[in-house]
Amino acid sequence: MSLWRTIWAVWGNIRRNRRSFVMASVGLVVGVATGTFFVALGAGVQTKVLNRIYPVNQIEVEPKTVGLMGIREQVLSNDRLGKEMVREFSALPGVTRVYPKLRSKLQARLWGGKSLFGYDARTEAFFDGLDAALLAPELRQVERVEEKRRRRALKRRRTVVCKRDEDCPLGQGCEAETCVDTEYWKRFEHRGIQVPCDAGKTGDAFCPPGTTCSAGVCSTACSGAGTCGAGEACVVDPLCTSPGATGADSERTCAKVCRPSCTPAEGCADAHLTCVATSGGESVCAPTECRLADPRRQLSDRPSDWRGEVVGVCGNGVPWGDPACEFTTCPRGTYCAGRSITHKVGFCEQPVPVLLSPFLIEIFNSSVAESLGLQRLDGVDTLLGFQFRLLFGDSYFADDLPTEVQAAKRAEIVGFSNKALDFGVTMPIDYVRAINARYKGREAAKQFSTFILETEGNEDVAGLIAAVEERGFQLARKSSDARKAADLLFILTAIFAFISIVIAAVAAVNIANTFLMIIAERRYEIGIMRAVGATRADIRRLIIFEAVSLGVFGGAVGELVSFGLSRVVNHLATDHLEVAISKPDDFFVYEPAMLAGAIGIAVLFCIVGALVPAQRAATTDPAVVLTS
Amino acid sequence: MTIRLTDVHKTYRVGEVANHVLQGVSCTIEAGDYVALMGASGSGKSTLLNIIGGLDTDFDGEVTVCGQVLKRMGDRELSRFRNRTVSFVFQQFHLLPHLPVVDNVMMPSWFDPDRSQLDLHDRARQVLAQVGLAHKAGSTANHLSGGEKQRVAIARAIFNAPQVLLCDEPTGALDSKTGDMVMQVFEELHAKTRDMTLIMVTHAESIAQRCRRIIRISDGAILSGDA
């Protein structure tokens, strides 16, 4: 019997017995729907929730600690937590990249939020630093999801005409006189922070590794051409000869430093840098010096208190020092950061880009907001671009540092990450390195707290964990929790998949029964076919093809039911779950292989269910049937 | 020589009870013969027909049809034998009621992998014309009268131009007028295709008398007519 003829006959048989087939496929539909629903949910939670905390190919390790008299002590010496350990981890089998993490070793306070809450909230600030390259994919994904959510909520968007960023709503910037969404995730990078130093007193001991104290700030030292990075020039520090005398003579010790090259016509790409000519005739980007009217008002929320005046440049073109000089403020997007909260002089700096943990937002919404009578926060777009102030060296819990060294910085929220500090903020690692060096010395900037190891695939992770344990490290809490959660999720998914297979197996019994019934009804038809030349194999093939059709139909309908249910769950989650940045737009991942596998299993169970009836049909004795 | 039966025995067993339906039947039927197998109910005539047609292979003795020894054939060969060499017309027609007449007629071609698919419809209409039902080709089988159904069953049986046509009481479910019409069809067929052997099981003397030769069976043995 040809394939076409078989399909034609099967189609006719299914049409004739459609009610029986529909009833027989109910169990199959339920089984496939259950299975695909939970497997897709498991895959979705793994991919969109757990993998955001730690992808399966990443682990975070920290030095092992032991309990001693009620206090946990680190086993490893801090000396072993530097770049050498990064190199050692990089050499482990399967490791493709190592991202060190650096916690701050300095007390700090944070305040801000007047525009959100009506008054400035104040709290102790904890912070750590991470490599921007590690977080960029996650930040971009979260921002896209939130943007989609916001657009859905707004239904349609109005085009806002603007001249400056300030004319645009929060989360948007002005480009070509139109407000456009700002891609905040791109801002999570080192955007310049000047670390003050005093070469005459401490030398380079309080500068970050690889920098030297020159003209009162830590800069990358160089010895000549070719010793700086691409696009940089090795020049006598232009700050030494800048028109504004910003520090004591001892701070004006000059060194040759690396500065980005520029042309006077094009200027510098970074807003906080100014293109200046050096004594050697080269043009380089140097930090823009500025002056504050009252350095103690740096923490004010009024822009006039922190925009400052640029030193050395008159807005009306007259020479610096001329009484007619009209001062200009720090460029758009920057503020004047004094060397300390008692120094009038400093540099124009861009706000420190920081990330918050979604967990922090959830805690705020569920506990803090109500207690303090504050509004709950609704998603990323409320906070992206939001600025607050950080005061380094000040604390609610520890002794304050002298005010002469306390520094105020503005910070800007540019994203959310599960890798961010749960209670605090996370910034690019170079900031933390600079702050630790400034306040605790160069050694504090060298010793990393934890390391995130990235492997090519999940299969390398088990061996890697053993290797790092041999070196005195253990999985960090979040990484360990993520792995446990992944294991639990796998077990739950496996249980539900097993239940769905049991349902499908029970359905197979029902299918067998249905086929037996159908075959009993069609025994004359089978007898006729045998009488006119059908082989046993032809009859068997007909029944098996019907079973395959039933399996494909039941599997496809089951998958449609599952997909429909998943949309309902997503909809309910959108409406009823607490706002959480870690909440994905879609909790489900339907992979083609999974869908094909589900239909394959459905077909398999139908074939298994139809085997006995097919055999019975094939062995129908036409002589008995046709003459009875 | 078309059909040779040698010492054919057939026994049905129901539990411990054995019913010897055929007891040493031997006979020969020549090619192109038109034979009536006659006997009372339970005499074994239908069983003998099923054995000749390869529907029943559980027997003792030897049956050779058109040179093919049925006992030695496997399922595939027997199916091909039923498809190409012999054909059946049953008392209860056994059409597929949900299918159009033309599809019922073409049914043997479903199981004939060598058959060209191009001329199937033409052949079906040709054999329907032979039985006088060309105009009913598009009707579904369950909308036909009894006589029409049996003529469709005959058309299906001759579709593959068999060498042996086996008819099991083809007029048994029809009134005498319709039965007579069906018998006329058989006679015309036999007249036109003289090589085709026609064996008809009947217990009606009037039907048997219209055949060229009568083999009478009683209690599983041939009483007369053996050649």
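The values are calculated or read from the model by the stated rules, or taken from the named source; none is laboratory data. Everything numeric in this text was worked out from a predicted model, so none of it was measured. Glycine also receives a Cβ, built like all others from the backbone with ideal geometry; neighbour counts cover every protein chain displayed. Calculation scope for accessible area: heavy atoms of the full protein, side chains included, ligands and nucleic acids excluded. Shrake-Rupley method; radii C 1.70, N 1.55, O 1.52, S 1.80 Å.
Between a first residue in the range B:67-85 that is more than 13 Å from every other protein chain (Cβ to nearest Cβ) and a second residue that is open to solvent by 40 Å² or more (accessible area, probe 1.4 Å), which pairs have beta carbons less than 7 Å apart while being 6 or more apart in sequence or on different chains?
B:69/B:62; B:71/B:62
Within the group B:31, B:18, which residue is out of contact with any helix residue (DSSP H, G or I) (no Cβ under 7 Å at 6 or more places or on another chain), within 25 Å of residue B:163 (Cα to Cα), open to solvent by 30 Å² or more (accessible area, probe 1.4 Å) and hydrophobic (A, V, I, L, M, F, W, C)?
From the options B:31, B:18, the qualifying one is B:31.
May I ask you to list the residues in the range A:11-32 that are crowded, with 20+ Cβ neighbours inside 10 Å and either touching a strand residue (DSSP E or B) at 6+ places or on another chain (Cβ under 9 Å) or within 12 Å of another protein chain (Cβ to nearest Cβ) (or both)?
Passing the criteria: only A:13.
Among the listed residues B:103, B:119, which satisfies the condition of being more than 8 Å from every other protein chain (Cβ to nearest Cβ), out of contact with any Pro (no Cβ under 9 Å at 6 or more places or on another chain) and farther than 25 Å from residue B:174 by Cα?
B:119
Considering only residues that are in contact with a Ser or Thr (Cβ under 9 Å, 6 or more places away or on another chain) and over 20 Å from residue A:238 (Cβ atoms), which ones fall in the range A:345-355?
Across the range A:345-355, the qualifying residues are A:351, A:354, A:355.
Can you find even one residue in the range A:567-582 that is modelled with pLDDT of 90 or more, over 30 Å from residue B:79 (Cβ atoms) and hydroxyl-bearing (Ser, Thr, Tyr)?
Scanning the range A:567-582, I find no residue that is modelled with pLDDT of 90 or more, over 30 Å from residue B:79 (Cβ atoms) and hydroxyl-bearing (Ser, Thr, Tyr), so the answer is no.
Can you spot a residue in the range A:418-430 that is part of a loop (DSSP other than H, G, I, E, B), over 23 Å from residue A:135 (Cα atoms) and touching a residue at least 24 places away in the same chain (Cβ under 8 Å)?
Looking through the range A:418-430, none of the residues is part of a loop (DSSP other than H, G, I, E, B), over 23 Å from residue A:135 (Cα atoms) and touching a residue at least 24 places away in the same chain (Cβ under 8 Å).
Given the options A:377, A:372, A:401, A:384, name the one that is modelled with pLDDT under 90 and touching a Phe, Trp or Tyr at 6+ places or on another chain (Cβ under 6 Å).
Of the residues listed, the single one that is modelled with pLDDT under 90 and touching a Phe, Trp or Tyr at 6+ places or on another chain (Cβ under 6 Å) is A:384.
Taking residue A:529 as the residue in question, decide whether it is assigned by TED's automatic domain parsing to the domain that holds residue A:603, part of a helix (DSSP H, G or I), open to solvent by 20 Å² or more (accessible area, probe 1.4 Å) and modelled with pLDDT of 85 or more.
no
Among A:92, A:106, A:76, A:102, which is the only one that is open to solvent by less than 50 Å² (accessible area, probe 1.4 Å), farther than 29 Å from residue A:584 by Cβ and part of a strand (DSSP E or B)?
Within the list A:92, A:106, A:76, A:102, the selection yields A:102.
For residue A:348, work out the one condition from (1) in contact with a Pro (Cβ under 6 Å, 6 or more places away or on another chain); (2) touching a residue at least 60 places away in the same chain (Cβ under 8 Å) it doesn't fulfil.
(1)
Go through the range A:413-469 and report how many residues are touching an Asp or Glu at 6+ places or on another chain (Cβ under 6 Å) and open to solvent by 10 Å² or more (accessible area, probe 1.4 Å).
The qualifying residues number 2.
Can you tell me how many residues within the range A:532-568 are in a helix (DSSP H, G or I) and either free of Cβ contacts under 8 Å to residues at least 24 places away in the same chain or not assigned by TED's automatic domain parsing to the domain that holds residue A:611 (or both)?
The qualifying residues number 4.
For the subset of the range B:122-149 comprising residues that are in contact with a Ser or Thr (Cβ under 9 Å, 6 or more places away or on another chain) and charged (D, E, K, R), which member is nearest to the other protein chains (Cβ to nearest Cβ)?
Once the filter is applied, the top-ranked residue is B:123.
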